[in-house]
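Visitor: Just passing along the structure, written as structure tokens.
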Amino acid sequence: MKIKQVLSALERFAPLPLQESWDNAGLQLGLTEAEVSGALLCLDVNEQIVDEAISKGCNLIVSHHPLLFHGLKKITGADYVQRCVIKAIKHDIVIVSMHTNMDNALDGVNWKIAERLGLTECRFFVPKTVDGIEAGSGVVGLFREPVQARDFIALVKERFQVDCALCNELLQRPISKVAICGGAGDFLLPDAVGEGADAFITGEMHYHQYFGHEQQIQICVIGHYQSEQYTSEIFRDIIQKDCPGVRTVLAETNTNPIVYI
């Protein structure tokens, strides 16, 4: 099977028109007529990821975050992005990224987070339609049984392998409805409040946004990488379903650039 067929399957699931205007999702570099030797699936692309693809015989890297956000005026190896480009081209590796189109897609990133938490009756809480495609910026779902705030935070930490979550004061009522936006999702906090959610999970939040929500909503911020780390499982499921026979490899490299000391 050719790489372009894998790319088509990914884009059918999360069409490129769903990406935000500032994004650069889709094909990043490489020639897609080649036959797929294996697809390495990851959150970010760095030199270690390219090395892992080489060592595992994968000529396709599928990432969530694009390697190329800004135009390159020269490629001299001056930074990790340029070095990744050089190494990938030398080894005939194609790089594809499914970013905000996957964030906004039905059954995309936020749905995966909800699945990990065991939420039910999930739906977009900021829905939109793009070119006739159902999409949205966040997902809200329900626990089958309400949980206390401390137990909720412990569950989130366990399911997402988080050592420390950033939260406001503990909510004094049970948590049933949970709003989710993976990555840098603090812009959706007002919508989560308006939705009547008991809790809001995201990856990043600015300091001043924690103020003023005491006993209104339980904020739980778990880290950008941590919130989106299971996106690779979505890529795997798409490829295994629509491109049978293509070898998929979940990257072992932890690309989180933040060190917790």
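Visitor: For Val162, work out the one condition from (1) without any contact (Cβ under 8 Å) to a residue 60 or more places away in the chain; (2) surrounded by 13 or more Cβ atoms within 10 Å (Cβ to Cβ); (3) in a loop (DSSP other than H, G, I, E, B); (4) not aromatic (Phe, Trp, Tyr) it doesn't fulfil.
Guide: Single failed check for Val162: (1).
Visitor: So which of Gln19, Gln48 is at negative phi, at pLDDT 95 or above, out of contact with any Phe, Trp or Tyr (no Cβ under 6 Å at 6 or more places or on another chain) and surrounded by fewer than 22 Cβ atoms within 10 Å (Cβ to Cβ)?
Guide: Testing whether each residue is at negative phi, at pLDDT 95 or above, out of contact with any Phe, Trp or Tyr (no Cβ under 6 Å at 6 or more places or on another chain) and surrounded by fewer than 22 Cβ atoms within 10 Å (Cβ to Cβ) leaves just Gln48.
Visitor: Would you be able to tell me the number of residues in segment 1-11 that are more than 17 Å from the chain's Cα centre (by Cα) and either more than 23 Å from Ile89 (Cβ to Cβ) or touching a residue at least 40 places away in the same chain (Cβ under 8 Å) (or both)?
Guide: 6
Visitor: Quick one: in segment 98-129, of everything that is in contact (Cβ under 8 Å) with a residue 60 or more places away in the chain and basic (Lys, Arg), which residue is most open to solvent (accessible area, probe 1.4 Å)?
Guide: Arg116
Visitor: Restricting attention to segment 203-219, does a residue exist that is in a loop (DSSP other than H, G, I, E, B), out of contact with any Asp or Glu (no Cβ under 8 Å at 6 or more places or on another chain), buried (at least 16 other Cβ atoms within 10 Å of the Cβ) and among the β-branched types (Val, Ile, Thr)?
Guide: For segment 203-219, residues in a loop (DSSP other than H, G, I, E, B), out of contact with any Asp or Glu (no Cβ under 8 Å at 6 or more places or on another chain), buried (at least 16 other Cβ atoms within 10 Å of the Cβ) and among the β-branched types (Val, Ile, Thr): absent.
Visitor: Does Asp79 count as under 22 Å from the mean Cα position of the chain (by Cα) and among the acidic types (Asp, Glu)?
Guide: No, not satisfied.
Visitor: Of the residues Phe152, Phe143, Phe187, Phe200, which is aromatic (Phe, Trp, Tyr), open to solvent by less than 50 Å² (accessible area, probe 1.4 Å) and under 21 Å from Ala105 (Cα atoms)?
Guide: Phe200
Visitor: When you check Ile95 against the structure, is it out of contact with any Lys or Arg (no Cβ under 9 Å at 6 or more places or on another chain), open to solvent by 30 Å² or more (accessible area, probe 1.4 Å) and within 20 Å of Leu60 (Cβ to Cβ), yes or no? Before the answer, list the steps.
Guide: Details: out of contact with any Lys or Arg (no Cβ under 9 Å at 6 or more places or on another chain): yes; open to solvent by 30 Å² or more (accessible area, probe 1.4 Å): no; within 20 Å of Leu60 (Cβ to Cβ): yes.
The answer is no for Ile95.
Visitor: Still on this structure: Which one is surrounded by the most Cβ atoms within 10 Å (Cβ to Cβ), of the residues in segment 1-16 that are of a type outside the set (S, T, N, Q) and touching a Cys at 6+ places or on another chain (Cβ under 8 Å)?
Guide: Applying the first criterion (of a type outside the set (S, T, N, Q)) to segment 1-16 yields 1-4, 6-7, 9-16.
Among the residues that remain, those that are also touching a Cys at 6+ places or on another chain (Cβ under 8 Å) are: 1, 6, 9.
Values: Met1: 14, Val6: 24, Ala9: 18.
Looking at residues that are of a type outside the set (S, T, N, Q) and touching a Cys at 6+ places or on another chain (Cβ under 8 Å), I get Val6.
Visitor: Filter segment 28-45 for residues that are surrounded by fewer than 17 Cβ atoms within 10 Å (Cβ to Cβ) and within 24 Å of Ile133 (Cβ to Cβ) and give the result.
Guide: The one that is surrounded by fewer than 17 Cβ atoms within 10 Å (Cβ to Cβ) and within 24 Å of Ile133 (Cβ to Cβ): Thr32.
Visitor: If Leu60 passes every condition in (1) open to solvent by 10 Å² or more (accessible area, probe 1.4 Å); (2) in contact (Cβ under 8 Å) with a residue 12 or more places away in the chain but one, which one does it miss?
Guide: In the conditions (1) open to solvent by 10 Å² or more (accessible area, probe 1.4 Å); (2) in contact (Cβ under 8 Å) with a residue 12 or more places away in the chain, Leu60 misses (1) alone.
Visitor: Also: Among the residues of segment 61-73, is any within 13 Å of the chain's Cα centre (by Cα), of a type in the set (Val, Ile, Thr) and closer than 20 Å to Leu188 by Cβ?
Guide: no
Visitor: Turning to a different aspect of this structure: Which one of Ile234, Ile258, Ile238 is of a type in the set (A, V, I, L, M, F, W, C) and in a loop (DSSP other than H, G, I, E, B)?
Guide: When all the criteria are applied, what remains is Ile258.
Visitor: Continuing with this model, one more query. What's the number of the condition Val50 fails, among (1) over 30 Å from Ala135 (Cα atoms); (2) assigned to a loop (DSSP other than H, G, I, E, B)?
Guide: Failed condition: (2).
Visitor: Also, I was wondering about something else. Tally the residues that are farther than 21 Å from Glu195 by Cβ and touching a Phe, Trp or Tyr at 6+ places or on another chain (Cβ under 9 Å), restricting the search to segment 130-165.
Guide: Count: 3.
Visitor: Here's another thing I want to ask about it. Kindly list, by first and then second residue, each pair from a residue in segment 69-80 that is of a type in the set (Phe, Trp, Tyr) to a residue that is surrounded by 10 or more Cβ atoms within 10 Å (Cβ to Cβ) and not in a helix (DSSP H, G or I), limited to pairs with Cβ atoms under 6 Å and residues at least 6 apart or on different chains.
Guide: Phe69/Asn24; Tyr80/Asn46
The values are calculated or read from the model by the stated rules, or taken from the named source; none is laboratory data. In this text, all values refer to a predicted model and were calculated from it rather than measured experimentally. Virtual Cβ from ideal backbone geometry, glycine too; neighbours counted across all protein chains shown. The protein model used for the area step is the full one, side chains on, heavy atoms only, and it has no ligands, DNA or RNA in it. Shrake-Rupley method; radii C 1.70, N 1.55, O 1.52, S 1.80 Å.
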